[in-house]
Amino acid sequence: MTDNVLLLEEFFAPAEMAALWAYAMDREADFVASEVIGAEDQARHDTDFRRSRVLFDIAAIYPLVSDRVMSVLPHVLGRLGLEPFQIRELELQVTASNDSDWFKAHHDSGHGVVSSRQLTFVYYCHREPRPFTGGQLKMYGDVADADEPEAQRGVLTITPMQNSIVFFPSHYLHEVLPTECESRQFADSRLTYNGWFHR
């Protein structure tokens, strides 16, 4: 399973990383409670399944992120053993996870509006020194349920690292473990830029 998860470090130049963090910080008031997509594409709040805040206003920063991830896409696909595909859309949002926030095991693709997601990425940037603990990305791989014996054998846990990015197939089961942030200040959140390449 780990052959199909790719971690790249020092992904953006320091000034770019600082700009990405500042962009989110300047828009704290625009972050909204996360939702999950259920049957018939209905988005709903479910704090038993997911807790975090999300920013959808990414227009001004979108070119920086999209240009960079597109530039490495051939390398990423090659390393993950995936065939190139026609990209219909590159979806992007910013997520802030603070104290006691999490996202239980889920797939990023499935039915309806997310059915065309092929490749997921998660980019990490945060204050230094890291003001939170936890928030690891736990990868189970190409399985339906985290309780399957196969899922437990192949589990991979990735600790959020400054200026790193993780790529993996969108159908892979994964979760975000609880974040602990003593200050509970927004600026101390586990901040990620989350993206999906749609076929």
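Observations
- Residues within the reach of a label modelled at L177 (point 7 angstrom out along Cα to beta-carbon, backbone nitrogen below 18 Å), restricted to the range 88-105, are 97-105.
- Annotation note: trypsin sites (Lys or Arg not before Pro) in the range 66-96 located in DSSP loop regions with a Cβ neighbour count of at most 14 within 10 Å are R88.
- Compactness of the range 56-199, taken as the C-alpha radius of gyration over 2.2 N^0.38 Å, stands at 1.06.
- Convex hull volume per residue for the range 86-137, taking Cα atoms only, in Å³: 110 Å³
- Across D142, D99, D108, the residue with the most accessible area heads the list, and the full order at a 1.4 Å probe is D142, D99, D108.
The values are calculated or read from the model by the stated rules, or taken from the named source; none is laboratory data. Not measured: the values here are computed from a predicted model. Cβ atoms come from the backbone with ideal geometry, glycine included; neighbour counts cover every protein chain shown. Ligands, DNA and RNA are excluded from the accessible area calculation, which covers all protein heavy atoms including side chains. Shrake-Rupley method; radii C 1.70, N 1.55, O 1.52, S 1.80 Å.
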